[in-house]
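Enquirer: Would you mind keeping the following structure in view while I ask a few things?
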Amino acid sequence: MLAFPGTAKGTAAAMAQAASRFLDLLDDGLRQRAAFGFPGEQERLRWFYVPTDHGGLTLGECTPAQGQAALRLLATGLSPAGYATATAIMSHELILERLEDWPVLPGWGRVRDPQRYAVAIFGDPESGNWGWRFAGHHLSLHYTIVGGELQSATPSFFGADPAETPLPGGGLLRPCAALEDLGRDLVRSLDESQLAAALLALHAPPDIVTGNRPVLEGGLWVVRPPELFRDAGMVPRPVLDADEDALGPTTIQALSWSATPVGVPWQRLRPAQREMLTTLLDAYLARLPDEAAEREQAKITGAAEGLHFAWAGSTEPHRPHYYRIQGARLLAEYDNTQRDANHVHTVWRDPHGDFGRDVLAQHYATSH
């Protein structure tokens, strides 16, 4: 794994300073839109990755100074490379807007709007126990600080539509390129026996299987469209029924998520393949600032034997495909099936500690 110097307290302090600066620039009305209670579980645990109301104060509602302060807060939650990826995803709305012929909805306005990314602050940043969220279409980032330390940076969702856009001279704009290419390299390296263990189904699911659920438990299948949107007016025509009919119950069962990992286990990978899987995990961790990446890595360091890599769909580029990396404290999901396999969804989660749930439970049990 990558080496990550630094302390979680340093990142938490930078976040607190940036969040306080942002809140200080808001009048009472805007502050009411941006600020929530902590833990504030009902709102804090709600999250989306589609074009909907994500909760909080949007960049479009901010003055230039307020908007810049919001982006400075965003930068504290990401590495420089992660921030570059996030801003590329946000600007992708302009590409998608043209691709979809400039869609507008009554009462909503532009469907694809790079200013419709929202900041939400939960609690007092100066208290040492608080959290924050930066979210919009294809970007949903969540941070929990307890005892003055960054305890959780999950769920962490990045997506891109189009996943691949041509640039002049033969170049390509691909915000999530490494996550696709490294995953495909790994699955193509598997021998016949390894592939038989890794391959869940010949068809990929229509989306990440765990969706935007706040808690991962039981057996889970792809979330239906109404649950992906906060506002009913934005829900598109249902497509999952057709997807489910095409897949069939046996394939759906094979692709469903449970707490028991599926796929080829770490122990059956050759040394070079283990290095490939490590490099793929590092590509996800590299989104985060060093301290947050170090904390997430610590959850799987020494427990690599429990990791499993699973694949579904085609191993060819531009064909629908999906993969999952799962361990006791790790779930990485990647799906590229929509828009003729040119629409990527990726997420990094901790099944036991998303939103700092495990640390908060311990904190309140011992402090109250």
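Rundown of residues vs (1) under 28 Å from Gly313 (Cα atoms); (2) not β-branched (Val, Ile, Thr), yes/no style:
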{"residue": "Asn129", "(1), (2)": "no, yes"}
{"residue": "Thr154", "(1), (2)": "yes, no"}
{"residue": "Glu180", "(1), (2)": "yes, yes"}
{"residue": "Gly183", "(1), (2)": "yes, yes"}
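Enquirer: Looking at Thr58, Thr63, Thr87, can you tell me which residue is in contact (Cβ under 8 Å) with a residue 60 or more places away in the chain and either open to solvent by 50 Å² or more (accessible area, probe 1.4 Å) or not hydrophobic (A, V, I, L, M, F, W, C) (or both)?
Expert: Thr58
Enquirer: Separate question: Quick test for you: out of Ile121, Ile95, pick the one residue that is over 28 Å from Leu360 (Cα atoms) and either at pLDDT 95 or above or open to solvent by 30 Å² or more (accessible area, probe 1.4 Å) (or both).
Expert: Testing whether each residue is over 28 Å from Leu360 (Cα atoms) and either at pLDDT 95 or above or open to solvent by 30 Å² or more (accessible area, probe 1.4 Å) (or both) leaves just Ile95.
Enquirer: Looking only at residues in region 326-342 that are touching a helix residue (DSSP H, G or I) at 6+ places or on another chain (Cβ under 7 Å) and in a strand (DSSP E or B), which one is surrounded by the fewest Cβ atoms within 10 Å (Cβ to Cβ)?
Expert: Among those that are touching a helix residue (DSSP H, G or I) at 6+ places or on another chain (Cβ under 7 Å) and in a strand (DSSP E or B), it is Gly327.
Results for (1) assigned to a loop (DSSP other than H, G, I, E, B); (2) over 18 Å from the mean Cα position of the chain (by Cα); (3) on the phi < 0 side of the Ramachandran plot, shown as yes or no for each residue.
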{"residue": "Leu26", "(1), (2), (3)": "yes, yes, yes"}
{"residue": "Gly55", "(1), (2), (3)": "yes, no, no"}
{"residue": "Gln66", "(1), (2), (3)": "no, yes, yes"}
{"residue": "Ser91", "(1), (2), (3)": "no, no, yes"}
{"residue": "Leu94", "(1), (2), (3)": "no, yes, yes"}
{"residue": "Arg116", "(1), (2), (3)": "yes, no, yes"}
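Enquirer: While we're here: Give me a count of the residues in region 8-37 that are open to solvent by less than 80 Å² (accessible area, probe 1.4 Å), out of contact with any Leu (no Cβ under 7 Å at 6 or more places or on another chain) and modelled with pLDDT under 95.
Expert: 1
Enquirer: Go over the candidates His345, His352 one by one and state the one that is open to solvent by 30 Å² or more (accessible area, probe 1.4 Å) and either touching a strand residue (DSSP E or B) at 6+ places or on another chain (Cβ under 8 Å) or not in a helix (DSSP H, G or I) (or both). Before you say what the answer is, go through the steps one by one.
Expert: Numbers: His345 fails: open to solvent by 30 Å² or more (accessible area, probe 1.4 Å).
Just one listed residue meets the conditions, His352.
Enquirer: Continuing with this model, one more query. Please specify each residue of region 277-315 satisfying the condition of being of a type in the set (A, V, I, L, M, F, W, C) and under 17 Å from the mean Cα position of the chain (by Cα).
Expert: Correct list: Leu280, Leu281, Ala283, Leu285, Ala286, Leu288, Ala292, Ala293.
The values are calculated or read from the model by the stated rules, or taken from the named source; none is laboratory data. Values in this document were obtained by computation on a predicted structure and should not be read as measured data. Backbone-built Cβ (ideal geometry, glycine too); neighbour counts: all protein chains shown. All accessible areas refer to the heavy atoms of the entire protein, side chains included, with ligands and DNA or RNA removed. Shrake-Rupley method; radii C 1.70, N 1.55, O 1.52, S 1.80 Å.
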